[in-house]
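Asker: Attaching a single structure in structure tokens format; questions to follow.
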């Protein structure tokens, strides 16, 4: 059974001059940024986010004051954000049911936590394959309940990720190759594809690098691989 989390561009021509961005807002803390994104009049593209290190729960719908604004938020301009100093993106779009902006050009090279980042973001289905996730350690519930998501991720460098528990649980449309992932650092993959009913990819390549003690409990329950899991899984799964 799946577990669910509880919350604590077009290329420019060389002859085209680069136009300086004009910003109206310069938040220095997560609190200041959260206040801005909850104001309908604020264009997200006019916010300079270069000083922000924590974007966790920024657009999450969690029954808090201001959620009504976020629920109908125009996300235009967010694709231009400078995320180069961000370290935490956990819960960032959790429950953001209308979010489907292209954020493929974000610099996430310093991010360490992406726990539940797109959890229940049911409309999101944009490419993320260009992201540098080499510093990420936690991807638990990252796409859990993201029913529309089905984008390539095989190019990701996940060698530093330790926990992928329920990463794609309930991601009903996801069915992309992941055979190139380096899973040598993984400690837990419990319920990773639970209820990901479309997922049927070949993951035999993972078996040779997995640590003996890695948690794989209910990894494929309710998924397209439940009846035909990888050979290594059959040897490791709880009996």
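Asker: Based on DSSP H runs of at least 4 residues, each adding -39500 (n - 2.57), what is the mean residue ellipticity at 222 nm of the chain after dividing by all its residues, to the nearest 500 deg cm²/dmol?
Answerer: -2000 deg cm²/dmol
Asker: For the chain, just list the percent of Cα-Cα distances falling in each 10 Å bin from zero outward, please.
Answerer: P(r) for the chain, in whole percents per bin: 8, 31, 33, 18, 8, 1, 0.
Asker: Follow-up question, since we're still on this one. Which of rounded, prolate or oblate describes segment 175-239 when judged by the alpha-carbon gyration tensor and an a/c cut-off of 1.5?
Answerer: Since a/c reaches 1.5 but b/c is at least a/b, the shape of segment 175-239 is classed as oblate.
Asker: Under the rule a/c < 1.5 gives rounded, and otherwise a/b versus b/c splits prolate from oblate, where does segment 68-162 land using the Cα gyration tensor?
Answerer: prolate
Asker: Another question about this same structure. Sorted from fewest to most neighbouring beta carbons within 10 Å, what does the list 233, 23 look like?
Answerer: Placing the least packed residue first, the sequence is 23, 233.
Asker: Let me ask another. Place the peptides 139-152, 70-83 in order of packing, highest mean first, counting for every residue the other Cβ atoms within 10 Å and averaging per peptide.
Answerer: Sorting 139-152, 70-83 by mean packing, highest first, produces 139-152, 70-83.
Asker: Still on this structure, please answer the following. Sorting check: for 114-127, 167-180, 205-218, 95-108, which peptide has the highest mean count of neighbouring beta carbons within 10 Å, and how do the rest follow?
Answerer: Put in order of decreasing packing, that is 114-127, 167-180, 95-108, 205-218.
Asker: Name the shape class, rounded, prolate or oblate, that the alpha-carbon gyration tensor gives for segment 117-239, where a ≥ b ≥ c are the square roots of its eigenvalues, rounded holds for a/c under 1.5, and otherwise prolate holds if a/b is larger than b/c and oblate otherwise.
Answerer: It is oblate, given that a/c is not under 1.5 and a/b is not larger than b/c.
Since every read-out is calculated from the coordinates, none of them should be taken as a lab result. Bear in mind that the values here come from a model prediction, so they are computed numbers and not experimental data. Heads up, the Cβs are rebuilt from the backbone with ideal geometry, glycines too, and the neighbour counts pull from every protein chain shown.
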